[in-house]
Amino acid sequence: MADQLVTINTSKSALYNAGITQNYLQEKAQDLGIPIEQLPIRYLGLPLTTRLDCEPLIDKIRSRLLGDGGTRVFGVRRDAKVSEAGNENGWSFRHCRGAYLQDILRKICETPPPNVEAGEDRILWKREQHEYKGDFSTKHTWNLVRSSRRQIDWYRLVWFRQTVPHQAFITWLAFRDRLATSARTRAWGIDQPCVFCGELNETREHLFFACPYSFTVWSKLCATLLRSRLNPDWQLTINSLLRNRLNKTDSLLDITNLILSLREDREAPTEDGILDQWNSVCAF
């Protein structure tokens, strides 16, 4: 019918692109409500075409850049040396009209051409932004490739000498708020209240140590450490521990062990419960 409009079935559609910017593509995908996909075309996660179907196209593109066609476009002989493509005035390439070829030339021209008077080439490893050394450093290389962030203040409560790896890992998850509390599992369709007190909105702050059960255990352990600063609030407790400047390994181990014990007792409650166990430990 002429008065009927053809609409796109977004659940069975996908966008494939070439030659447009990523921002423009994402904007159109958001407007249309259609996901962005990449070749080969897939159905139910399985490719409808094999690599052999795309191989001729890939070979053609590769030959344009790396084959005889690529050297002809740049005006450089196939068997030319790197030094023959430049001189003291800079690189010598033929003018190219293609946007992707101009981008390649721009990347090449960022590096100065070789100069015999400058001496032989040497391998230098990058250290800082504008610092290069002849020896390789794993530390400096890691600092270059990683995303640097500010140092956290609670690291010494988790990572210290003689720490138990399993306890440190669970404590690290608690500090990162990555434990499987009901506040997080609710997003997965699993709604479970606090097994200690029945609180429906079980968060990390509730488990450590707003829950009456966990706070009772916590107070028995840290009464001598924090004294009047004992508080069920998670952030206030962490701040108090940091100000207390705990240097004794035994105290740090007790804290990480308690966090691990509360987490394990929550996952698989025992008949006696952690409270009776810690009563015996604290009394000892």
Of residues in the stretch 86-119 being of a type in the set (S, T, N, Q) and in a loop (DSSP other than H, G, I, E, B), the one surrounded by the fewest Cβ atoms within 10 Å (Cβ to Cβ): 89
Residue 141 closer than 17 Å to residue 241 by Cβ and outside any loop (DSSP other than H, G, I, E, B): no
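Of all residues in the stretch 124-164, how many are farther than 26 Å from residue 239 by Cβ and in the same structural domain as residue 234 (by TED's automatic domain parsing)?
0
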Filtered residues of the stretch 120-135 (kept if closer than 27 Å to residue 83 by Cβ and either at pLDDT 85 or above or surrounded by 10 or more Cβ atoms within 10 Å (Cβ to Cβ) (or both)): 123, 124, 125, 126, 132, 133, 134
Residues of the stretch 219-249 that turn out to be within 33 Å of the chain's Cα centre (by Cα) and either under 28 Å from residue 182 (Cα atoms) or in a helix (DSSP H, G or I) (or both), as a count: 14
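This table checks each residue for (1) at pLDDT below 85; (2) surrounded by fewer than 14 Cβ atoms within 10 Å (Cβ to Cβ); (3) among the small types (Gly, Ala, Ser).
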residue: 223; (1), (2), (3): yes, yes, yes
residue: 228; (1), (2), (3): yes, yes, yes
residue: 240; (1), (2), (3): yes, no, yes
residue: 245; (1), (2), (3): yes, yes, no
residue: 251; (1), (2), (3): yes, no, yes
residue: 258; (1), (2), (3): no, no, no
residue: 263; (1), (2), (3): no, no, no
residue: 275; (1), (2), (3): yes, no, no
Residues of the stretch 165-213 that turn out to be closer than 17 Å to residue 233 by Cβ, among the β-branched types (Val, Ile, Thr) and part of a helix (DSSP H, G or I), as a count: 0
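Looking only at the stretch 153-207, filter to residues that are on the phi > 0 side of the Ramachandran plot and without any contact (Cβ under 8 Å) to a residue 12 or more places away in the chain; which one of those is surrounded by the fewest Cβ atoms within 10 Å (Cβ to Cβ)?
Initial filter on the stretch 153-207 (on the phi > 0 side of the Ramachandran plot): 162, 177, 189, 198.
Cutting the leftovers down to without any contact (Cβ under 8 Å) to a residue 12 or more places away in the chain gives us 189, 198.
Working: 189: 6, 198: 9.
Per the criteria, the residue is 189.
Please count how many residues of the stretch 117-151 are of a type outside the set (D, E, K, R) and touching a residue at least 12 places away in the same chain (Cβ under 8 Å).
6
The values are calculated or read from the model by the stated rules, or taken from the named source; none is laboratory data. All values reported here derive from a predicted model rather than from experimental measurement. Neighbour counts are summed over all protein chains in view; Cβ atoms, including those assigned to glycine, are modelled from backbone coordinates with ideal geometry.
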